[in-house]
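Below: one structure, written as structure tokens.
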């Protein structure tokens, strides 16, 4: 990894972690227990009421659970840095570190983990790429692929494993078309990117770390080769737009930054949306009156999906690290403290949402969730994620009105600190 540690997209050195003095310490809380993975919300509610800010000894993070405190952290980017959001939670083994130490593995921080003033400088170019025009260009493809995947499900017949048949391939293919990748490479790219979640947000063993690191290196090299190709042959895609901006002002948007944006987008636009689609079915299909209402009236879909983001978000937490000494909810926090922002706890806060543990597709303030963050780092792909989910759910409702979950199935979730969605989801019709 030839980029300096401060510039690197992934910083693999884990800083020393000590609890802030005077802060409540929880010796047991971790996101890796079976009970948390199955349903984190009861435990988060208990913790939020007991100590809204506490230090998790097992995670090495200060945990923030109240919406008002979460909003304070998100909105104050000068005090709370996002530079750690792409870094592994736990130490990386020497063999995996050696793989990522390849001289040509040098992506740089660009969006979610880039600080001011560079964040705003780069974001203006990426925001242009997520324009209304680009969404209109993508929408016919999203509709076509949604229909094709549903048709393939129907042709094969139920029961069907939804994640592999629809939930995982659709967002991957959409973000690849957005970037401009060749459709023939989809399966290879998905195989390289689908396990990065464990590396950055999980606790994989040494062999798993090496396997993931090798795929990260392969994917980075693919991205570099693709950007070099696009530099010579432009097209109507996001990468070409970035390269056009680089040509117009290479001092304002560096070529390495273009490569790194392309590298980072594939995961952000894939795994999270895949979980979003699966979680939507988990929330809606068991409530048959809601599913029937959606099948009869597609105008209910946007708010229903906002309620999914609140009730069962595909992203239940995010991270920050303090730049300076500060305090949250009366707790003094020194500079360099790793902070775990529990979006799931805030989204289920009873002072903000009536009956927060009840799923309600007609909830009037469902959109008040914090699943996309706030402040300057508000999720860049929120607009695209919403568009994908709305079209996907509309297509499923139109073509499979009898769609239902297979009864008595056991769901398995990837152990990690942030992302939530079933590895497999059996459906029938």
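The values are calculated or read from the model by the stated rules, or taken from the named source; none is laboratory data. Predicted model only: the values in this text are computed from it and were never measured. So basically every Cβ, Gly included, is an ideal-geometry build from the backbone, and we count neighbours across all protein chains shown.
Considering the range 1-99, the qualifying helices (runs of 4 or more DSSP H), each wholly inside and each with 3 or more residues that are more than 27 Å from residue 212 (Cα to Cα) and under 21 Å from the mean Cα position of the chain (by Cα), run over 67-75.
Within the range 118-135, can one find any residue that is under 25 Å from residue 314 (Cα atoms), out of contact with any strand residue (DSSP E or B) (no Cβ under 7 Å at 6 or more places or on another chain), in a helix (DSSP H, G or I) and without any contact (Cβ under 8 Å) to a residue 12 or more places away in the chain? Checked the range 118-135: at least one residue is under 25 Å from residue 314 (Cα atoms), out of contact with any strand residue (DSSP E or B) (no Cβ under 7 Å at 6 or more places or on another chain), in a helix (DSSP H, G or I) and without any contact (Cβ under 8 Å) to a residue 12 or more places away in the chain. Given the criteria in contact (Cβ under 8 Å) with a residue 12 or more places away in the chain and under 28 Å from residue 259 (Cα atoms), does residue 189 qualify? For residue 189, the condition - in contact (Cβ under 8 Å) with a residue 12 or more places away in the chain and under 28 Å from residue 259 (Cα atoms) - is met.
For every residue, the table says whether it meets (1) farther than 30 Å from residue 133 by Cβ; (2) touching a strand residue (DSSP E or B) at 6+ places or on another chain (Cβ under 8 Å); (3) modelled with pLDDT under 95; (4) buried (at least 17 other Cβ atoms within 10 Å of the Cβ).
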{"position": "222", "(1), (2), (3), (4)": "no, no, no, yes"}
{"position": "225", "(1), (2), (3), (4)": "no, no, no, no"}
{"position": "244", "(1), (2), (3), (4)": "no, no, no, no"}
{"position": "264", "(1), (2), (3), (4)": "no, no, yes, yes"}
{"position": "283", "(1), (2), (3), (4)": "yes, no, no, yes"}
{"position": "300", "(1), (2), (3), (4)": "no, no, no, yes"}
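Only one entry in 46, 13, 75, 114 is over 30 Å from residue 353 (Cα atoms), out of contact with any strand residue (DSSP E or B) (no Cβ under 7 Å at 6 or more places or on another chain) and surrounded by fewer than 21 Cβ atoms within 10 Å (Cβ to Cβ), namely 13. Out of 394, 424, 390, I need the residue that is in contact with a helix residue (DSSP H, G or I) (Cβ under 7 Å, 6 or more places away or on another chain), assigned to a loop (DSSP other than H, G, I, E, B) and under 23 Å from residue 175 (Cβ atoms). Which one? Of 394, 424, 390, the one residue that is in contact with a helix residue (DSSP H, G or I) (Cβ under 7 Å, 6 or more places away or on another chain), assigned to a loop (DSSP other than H, G, I, E, B) and under 23 Å from residue 175 (Cβ atoms) is 424.
For the range 408-424, a residue qualifies if it is in contact with a strand residue (DSSP E or B) (Cβ under 9 Å, 6 or more places away or on another chain) and under 14 Å from residue 159 (Cβ atoms), and the qualifying residues are 409, 424.
The strands (runs of 3 or more DSSP E) falling completely within the range 276-337 that include 1 or more residues that are touching a residue at least 12 places away in the same chain (Cβ under 8 Å), within 26 Å of the chain's Cα centre (by Cα) and closer than 30 Å to residue 17 by Cα map to 317-322, 326-328.
Any chance the range 356-371 includes a residue that's within 30 Å of residue 264 (Cα to Cα), surrounded by fewer than 21 Cβ atoms within 10 Å (Cβ to Cβ) and at pLDDT 95 or above? Checking the range 356-371: at least one residue is within 30 Å of residue 264 (Cα to Cα), surrounded by fewer than 21 Cβ atoms within 10 Å (Cβ to Cβ) and at pLDDT 95 or above. Among the residues here, residue 110 qualifies as modelled with pLDDT under 90 and part of a loop (DSSP other than H, G, I, E, B). I need the full set of residues from the range 237-253 which are in a loop (DSSP other than H, G, I, E, B) and in contact with a helix residue (DSSP H, G or I) (Cβ under 7 Å, 6 or more places away or on another chain), in order please. Correct list: 237, 252, 253.
For the range 362-387, a residue qualifies if it is on the phi > 0 side of the Ramachandran plot and in a helix (DSSP H, G or I), and exactly one does: 375.
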